[in-house]
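Engineer: One structure coming up, written as structure tokens, with questions to follow.
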Amino acid sequence: MYSTRSGQDIIRLNQKEINMSQARLAGSCLCGSVQYEVSGQVERFYHCHCSRCRKTTGSGHASNLLVKPLTSITWVHGESLLGRYKVPEAERFFNCFCTQCGSPMPRVVPELDGVLIPAGSLDCEPPLNPQARIFWDSRADWSCDAGGLPVFSEYP
Ligand SMILES: [Zn+2]
Ligand SMILES: [Zn+2]
């Protein structure tokens, strides 16, 4: 015995799945000079414990959402104040920040066709909870415990 779903129910379910990952988000830096909006597909939300993310954030890990595509971001205010630092020996690691207050800001990553959004810069609730901790092998001993999240030695 099996149950059937009407076509309309299936459409409604698909719609719900789409709505869950499609999001409009807004954020800003500490001084408020840089403001952005993002409207796109939220692909993932990871804590990254790598040493570069520690330096960039001054904390135990970065917490970044990946939103696709890379055109999903709109700089509402202060785009000219954005600074960027590329680590010379890194393949592609760079950070992006407000040159007035130093807050980490979203960075467009062409290789991912997406935008990495520092969760702490959001002025709204993200649509996902953190899904995993990555670069766990690089974790500082004093940093957060796994907290029930899956951990990956580097990338999943
Ligand atoms: Zn600022
Ligand atoms: Zn990292």
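The values are calculated or read from the model by the stated rules, or taken from the named source; none is laboratory data. None of the values given here were measured: they were computed from a predicted structure. Methodologically, a virtual Cβ is constructed for each residue, glycine included, from the backbone with ideal geometry; neighbour enumeration extends over all protein chains shown.
Engineer: How do the pairs read when you match residues in segment 57-76 that are of a type outside the set (A, V, I, L, M, F, W, C) with residues anywhere that are surrounded by 16 or more Cβ atoms within 10 Å (Cβ to Cβ) and assigned to a loop (DSSP other than H, G, I, E, B), using Cβ under 8 Å and keeping only pairs 6 or more apart or on different chains?
Structural biologist: GLY60/HIS49; GLY60/ARG139; HIS61/HIS49; HIS61/ARG139; SER63/PRO130
Engineer: Oh, and also: Is at least one residue of segment 65-76 within 16 Å of ligand 1 (Cβ to nearest atom) and among the β-branched types (Val, Ile, Thr)?
Structural biologist: There is at least one residue in segment 65-76 that is within 16 Å of ligand 1 (Cβ to nearest atom) and among the β-branched types (Val, Ile, Thr).
Engineer: Whether any residue in segment 139-151 is in a helix (DSSP H, G or I) and at pLDDT 95 or above is what I want to check.
Structural biologist: no
Engineer: What number of residues in segment 42-79 are within 12 Å of the chain's Cα centre (by Cα), of a type in the set (S, T, N, Q) and within 10 Å of ligand 2 (Cβ to nearest atom)?
Structural biologist: Of the residues in segment 42-79, 1 are within 12 Å of the chain's Cα centre (by Cα), of a type in the set (S, T, N, Q) and within 10 Å of ligand 2 (Cβ to nearest atom).
Engineer: With the requirement that a residue be part of a loop (DSSP other than H, G, I, E, B) and over 17 Å from GLU37 (Cβ atoms), what does segment 58-92 give you?
Structural biologist: Answer for segment 58-92, where residues must be part of a loop (DSSP other than H, G, I, E, B) and over 17 Å from GLU37 (Cβ atoms): GLY58, SER59, GLY60, HIS61, VAL87, PRO88, GLU89, ALA90, GLU91, ARG92.
Engineer: Please tell me if SER39 is closer than 29 Å to PHE152 by Cα, at pLDDT below 95 and either of a type in the set (Gly, Ala, Ser) or within 13 Å of the chain's Cα centre (by Cα) (or both).
Structural biologist: In short, no.
Engineer: So, in segment 22-54, exactly how many residues are of a type in the set (A, V, I, L, M) and either surrounded by fewer than 16 Cβ atoms within 10 Å (Cβ to Cβ) or not in a strand (DSSP E or B) (or both)?
Structural biologist: Filtering segment 22-54 for residues of a type in the set (A, V, I, L, M) gives 23, 25-26, 30, 34, 38, 42.
Those left that are additionally either surrounded by fewer than 16 Cβ atoms within 10 Å (Cβ to Cβ) or not in a strand (DSSP E or B) (or both): 26, 30, 34.
Qualifying residue count, segment 22-54: 3.
Engineer: Hey, any hits in segment 105-121 for a residue that's surrounded by fewer than 16 Cβ atoms within 10 Å (Cβ to Cβ), within 22 Å of GLU154 (Cβ to Cβ) and without any contact (Cβ under 8 Å) to a residue 24 or more places away in the chain?
Structural biologist: yes
Engineer: Further question: Can you name every residue in segment 134-153 that is loosely packed, with under 12 Cβ neighbours inside 10 Å and in contact (Cβ under 8 Å) with a residue 40 or more places away in the chain?
Structural biologist: Hit for segment 134-153 is TRP142, nothing else.
Engineer: Here's something else I'd like to know. With the structure loaded, tell me whether GLN131 is within 18 Å of GLY32 (Cα to Cα), polar (S, T, N, Q), surrounded by fewer than 18 Cβ atoms within 10 Å (Cβ to Cβ) and in contact (Cβ under 8 Å) with a residue 24 or more places away in the chain or whether it fails that test.
Structural biologist: No: the conditions fail for GLN131.
Engineer: With respect to THR71, is the statement that it is closer than 26 Å to ALA140 by Cα and surrounded by fewer than 23 Cβ atoms within 10 Å (Cβ to Cβ) true? Show your work before the answer.
Structural biologist: Details: closer than 26 Å to ALA140 by Cα: no; surrounded by fewer than 23 Cβ atoms within 10 Å (Cβ to Cβ): yes.
No, not satisfied.
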